[in-house]
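**Student:** What follows is a single structure, and I will ask about it in a moment.
The values are calculated or read from the model by the stated rules, or taken from the named source; none is laboratory data. Note that the structure is a prediction, hence the values are computed from the model and not measured. Note that each Cβ is placed from the backbone with ideal geometry, even for glycine, and that neighbours are counted across all protein chains shown.
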Amino acid sequence: MIKIILIIALFVLNQIYAQNNDNEEHINSLTCELNTLQKQGYINGFSVAIVNRDAVLYKKGFGYADVSKQKKYTTNTIQNIASVSKTLIGIALMKAQEQGKLNLDDPINMHLPFSVINPHYPKVPITIRHLATHTSTILDTKYYDKSYILKNNSDFGKGILKKQYRIFNDPDEKMTISDFVKKTLVKDQEWYRKRNYIKNIPGAIFKYSNVGATLAAYIIECTTGIPYDEYTKTYIIKPLGMDASGWSFDTIEMDNHSVLYASSIDSLPKYSLITYPDGGLLTDTNDFGKYLIELIKGYYGAGTLLDKSSYTELFKEQLSSENLPNRNAKNPYNDEYNSGIFMGITPAGYIGHTGSDPGTGTYMFFNPKSGIGKVLTVNTSIDTKEDYRQFKSIINAIEKYEELIKQSKIDMQ
């Protein structure tokens, strides 16, 4: 009997040893491949994380956060994550609904201090759900560019780069999100035009809208009496231990902030967004991984931020093919194939979001079938074919190894 027990014990130890070796080999292979891709030179710096519902399986930074200083891009490097930030609006809406402050099917004018009406359908109310699923009929027009505000007055802009990034505005043009959405969406205000709304009935057609997302965040402020940045800090960022994250430069460690690049050779000035809820979360890969772990937990009914029913609603497909007549089914990561509550749902069934802003590209998805999620953050604009090819190659490398790493890690636990 003792001999049998010893044999079994040796077998188990051999299995663990082999799995440890396999896991180390997978990680080393992925690191090697990503290092090789970084050396192509189109993207200056990026970081990657692969997670499951229990832990981070892999995380590492590559390249440079500041090329001129040869400062490495690490998992502690901070930058804005662009439109992936909108997923926090979804969680915040569900939390406010749990608190009895609002209902997703409330008309937005029930909670606003001014009226937002589609002039083409003045008697049809826009609801909070319409905002959260990008079916509100609110458009991003040229006035949306007024949202990009330079951190400091800058001499940026005496050449070609300035012409390319005319969206950047001086610090004295900063305003509240309330003033911004009012100027854009309320009749007789400065930037209001009928063409700020599409000629469809609210709820009928998906049309991605940053302004609509910002309006949803403002409704959270109106219904809870708490500024959006404080509300999300209290109910999302702090509970998850995302200590490196914040919505403004004065809430993060600026020494860890990456330089952002228009190209591999052209750096951009630091900027923020008036409409910060739609794209301005500043975070690092360590915190980003924690956030994605919570989303995966929430999908499986074990989340800590929301009730099970709220997570079910957050991730549920909200739209039909009639709402998305021209959607692209070929790209497995097309996050505009269907919509949860500010959550993209792809043709392959992945849940998450992508993001793009000057000098940044982001990618966050999890696979509900495998329970594996991944994040990618880059500090260089993805504008050319070469940029996109390198970005896609990084994603392909992550996909290639994520399942192998997951299997090895889970088997060892």
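**Student:** Among residues belonging to segment 46-93 that are hydroxyl-bearing (Ser, Thr, Tyr) and within 12 Å of the chain's Cα centre (by Cα), point out the one that is nearest to Leu282 (Cα to Cα). Outline the logic, then answer.
**Tutor:** Within segment 46-93, the first condition is being hydroxyl-bearing (Ser, Thr, Tyr), and the residues that meet it are 47, 58, 64, 68, 73-75, 77, 83, 85, 87.
Subsequent filtering for residues that are within 12 Å of the chain's Cα centre (by Cα) retains 83, 85, 87.
Details: Ser83: 11, Ser85: 9, Thr87: 14 Å.
The selected residue is Ser85.
**Student:** Can you tell me how many residues in segment 108-126 are within 26 Å of the chain's Cα centre (by Cα) and outside any loop (DSSP other than H, G, I, E, B)?
**Tutor:** 1
**Student:** A further question follows. Is one or more of the residues making up segment 203-211 over 19 Å from Pro277 (Cβ atoms), surrounded by fewer than 17 Cβ atoms within 10 Å (Cβ to Cβ), at pLDDT 95 or above and out of contact with any Gly (no Cβ under 7 Å at 6 or more places or on another chain)?
**Tutor:** Looking only at segment 203-211, we keep the residues that are over 19 Å from Pro277 (Cβ atoms), and these are 203-206.
Filter once more, so that each one left must be surrounded by fewer than 17 Cβ atoms within 10 Å (Cβ to Cβ): 204.
Checking the rest, the ones that are also at pLDDT 95 or above come to 204.
With the extra rule that they be out of contact with any Gly (no Cβ under 7 Å at 6 or more places or on another chain), the set shrinks to 204.
Checking segment 203-211: at least one residue is over 19 Å from Pro277 (Cβ atoms), surrounded by fewer than 17 Cβ atoms within 10 Å (Cβ to Cβ), at pLDDT 95 or above and out of contact with any Gly (no Cβ under 7 Å at 6 or more places or on another chain).
**Student:** Quick check on segment 146-177: of everything there that is over 15 Å from Thr275 (Cα atoms) and not in a loop (DSSP other than H, G, I, E, B), which residue is modelled with the lowest pLDDT?
**Tutor:** So, considering only residues that are over 15 Å from Thr275 (Cα atoms) and not in a loop (DSSP other than H, G, I, E, B), the one modelled with the lowest pLDDT is Ile160.
**Student:** Taking the conditions exactly as written (at pLDDT 95 or above and more than 27 Å from Glu336 (Cα to Cα)), does Val67 satisfy them or not? Please lay out each step first, then the result.
**Tutor:** Numbers: at pLDDT 95 or above: yes; more than 27 Å from Glu336 (Cα to Cα): yes.
Yes.
**Student:** Say whether the condition of being over 26 Å from Asn396 (Cβ atoms) and part of a helix (DSSP H, G or I) is met by at least one residue in segment 34-56. Steps first, answer last, please.
**Tutor:** Within segment 34-56, the first condition is being over 26 Å from Asn396 (Cβ atoms), and the residues that meet it are none.
Within segment 34-56, not a single residue is over 26 Å from Asn396 (Cβ atoms) and part of a helix (DSSP H, G or I).
**Student:** For the list (1) buried (at least 23 other Cβ atoms within 10 Å of the Cβ); (2) in contact with a Lys or Arg (Cβ under 7 Å, 6 or more places away or on another chain), I need the number of the one condition that Glu336 fails.
**Tutor:** Among (1) buried (at least 23 other Cβ atoms within 10 Å of the Cβ); (2) in contact with a Lys or Arg (Cβ under 7 Å, 6 or more places away or on another chain), Glu336 violates only (1).
**Student:** Has segment 37-49 got at least one residue that is among the hydroxyl-bearing types (Ser, Thr, Tyr) and surrounded by fewer than 18 Cβ atoms within 10 Å (Cβ to Cβ)?
**Tutor:** Step one: filter segment 37-49 for residues among the hydroxyl-bearing types (Ser, Thr, Tyr), giving 42, 47.
The next check asks that each one be surrounded by fewer than 18 Cβ atoms within 10 Å (Cβ to Cβ); those that pass are none.
Checking segment 37-49: not a single residue is among the hydroxyl-bearing types (Ser, Thr, Tyr) and surrounded by fewer than 18 Cβ atoms within 10 Å (Cβ to Cβ).
**Student:** Next up: I want to confirm something. Restricting to segment 292-321 and keeping residues that are without any contact (Cβ under 8 Å) to a residue 24 or more places away in the chain and farther than 16 Å from Met94 by Cα, which single residue is surrounded by the fewest Cβ atoms within 10 Å (Cβ to Cβ)?
**Tutor:** Taking segment 292-321 as the starting set, the residues that turn out to be without any contact (Cβ under 8 Å) to a residue 24 or more places away in the chain are 298, 301, 303, 308-309, 312, 320-321.
Filter once more, so that each one left must be farther than 16 Å from Met94 by Cα: 320-321.
Details: Ser320: 8, Ser321: 10.
Among those that are without any contact (Cβ under 8 Å) to a residue 24 or more places away in the chain and farther than 16 Å from Met94 by Cα, it is Ser320.
**Student:** Can you pull out the residues in segment 330-386 that are in contact with a Phe, Trp or Tyr (Cβ under 6 Å, 6 or more places away or on another chain) and among the charged types (D, E, K, R)?
**Tutor:** Selection gives Glu386 alone.
**Student:** Next question, about the same structure. Just to be sure, is Tyr350 over 20 Å from the mean Cα position of the chain (by Cα), under 30 Å from Leu37 (Cα atoms) and of a type in the set (Ser, Thr, Tyr)? Before the answer, list the steps.
**Tutor:** Details: over 20 Å from the mean Cα position of the chain (by Cα): no; under 30 Å from Leu37 (Cα atoms): yes; of a type in the set (Ser, Thr, Tyr): yes.
Judged against the criteria, Tyr350 is not a match.
**Student:** Among (1) under 21 Å from Gly61 (Cα atoms); (2) in a strand (DSSP E or B), which single condition is Ser272 missing?
**Tutor:** Of (1) under 21 Å from Gly61 (Cα atoms); (2) in a strand (DSSP E or B), only one is false for Ser272: (1).
**Student:** So, in segment 276-291, how many residues would count as being in contact with a Phe, Trp or Tyr (Cβ under 6 Å, 6 or more places away or on another chain) and either under 15 Å from Thr184 (Cβ atoms) or crowded, with 24+ Cβ neighbours inside 10 Å (or both)?
**Tutor:** Selection size over segment 276-291: 1.
**Student:** Take the conditions assigned to a loop (DSSP other than H, G, I, E, B), among the hydrophobic types (A, V, I, L, M, F, W, C) and over 30 Å from Leu150 (Cα atoms) and apply them to Leu305. Does it pass? Working first, answer last.
**Tutor:** Numbers: assigned to a loop (DSSP other than H, G, I, E, B): yes; among the hydrophobic types (A, V, I, L, M, F, W, C): yes; over 30 Å from Leu150 (Cα atoms): yes.
It is true that Leu305 is assigned to a loop (DSSP other than H, G, I, E, B), among the hydrophobic types (A, V, I, L, M, F, W, C) and over 30 Å from Leu150 (Cα atoms).
**Student:** Testing Val56 on (1) under 29 Å from Gln318 (Cβ atoms); (2) surrounded by fewer than 22 Cβ atoms within 10 Å (Cβ to Cβ), one condition comes back false. Which one is that?
**Tutor:** (1)
**Student:** Please pick out the residue among Tyr218, Tyr228, Tyr271 that is surrounded by 22 or more Cβ atoms within 10 Å (Cβ to Cβ), out of contact with any helix residue (DSSP H, G or I) (no Cβ under 8 Å at 6 or more places or on another chain) and under 24 Å from Leu139 (Cα atoms). Before the answer, list the steps.
**Tutor:** Numbers: Tyr218 fails: out of contact with any helix residue (DSSP H, G or I) (no Cβ under 8 Å at 6 or more places or on another chain); Tyr228 fails: out of contact with any helix residue (DSSP H, G or I) (no Cβ under 8 Å at 6 or more places or on another chain).
It is Tyr271.
**Student:** Would you confirm whether or not segment 242-265 contains a residue that is under 15 Å from the mean Cα position of the chain (by Cα), at pLDDT 95 or above and of a type outside the set (Gly, Ala, Ser)?
**Tutor:** Step one: filter segment 242-265 for residues under 15 Å from the mean Cα position of the chain (by Cα), giving 242, 245-247.
Imposing the further condition that a residue be at pLDDT 95 or above reduces the set to 242, 245-247.
Still in the list and also of a type outside the set (Gly, Ala, Ser): 242, 247.
Taking every residue of segment 242-265 in turn, at least one turns out to be under 15 Å from the mean Cα position of the chain (by Cα), at pLDDT 95 or above and of a type outside the set (Gly, Ala, Ser).
**Student:** Evaluate the following for Ile220: is it farther than 26 Å from Met175 by Cα, modelled with pLDDT of 95 or more and either more than 16 Å from the chain's Cα centre (by Cα) or among the polar types (S, T, N, Q) (or both)?
**Tutor:** Against the criterion (farther than 26 Å from Met175 by Cα, modelled with pLDDT of 95 or more and either more than 16 Å from the chain's Cα centre (by Cα) or among the polar types (S, T, N, Q) (or both)), Ile220 does not qualify.
**Student:** Separate question: With touching a strand residue (DSSP E or B) at 6+ places or on another chain (Cβ under 9 Å) and at negative phi as the only criterion, which of Tyr197, Tyr208 stands out? Spell out how you get there, then give the answer.
**Tutor:** Numbers: Tyr208 fails: touching a strand residue (DSSP E or B) at 6+ places or on another chain (Cβ under 9 Å).
One residue alone meets the criteria, Tyr197.
**Student:** Considering each residue of segment 178-188, count those that are part of a loop (DSSP other than H, G, I, E, B) and surrounded by fewer than 15 Cβ atoms within 10 Å (Cβ to Cβ), and give that number. Don't jump to the end; show me each part of the working.
**Tutor:** Of the residues in segment 178-188, the ones part of a loop (DSSP other than H, G, I, E, B) are 186-188.
With surrounded by fewer than 15 Cβ atoms within 10 Å (Cβ to Cβ) added as a condition, the list becomes 187-188.
Summing the residues that are part of a loop (DSSP other than H, G, I, E, B) and surrounded by fewer than 15 Cβ atoms within 10 Å (Cβ to Cβ) in segment 178-188 gives 2.
**Student:** Taking segment 231-241 on its own, how many of its residues are hydrophobic (A, V, I, L, M, F, W, C) and more than 15 Å from the chain's Cα centre (by Cα)? Even if it seems obvious, please write down each step before you answer.
**Tutor:** If we filter segment 231-241 for residues that are hydrophobic (A, V, I, L, M, F, W, C), which is where we start, we get 236-237, 240.
Retained after the next criterion (residues that are more than 15 Å from the chain's Cα centre (by Cα)): 240.
The total comes to 1.
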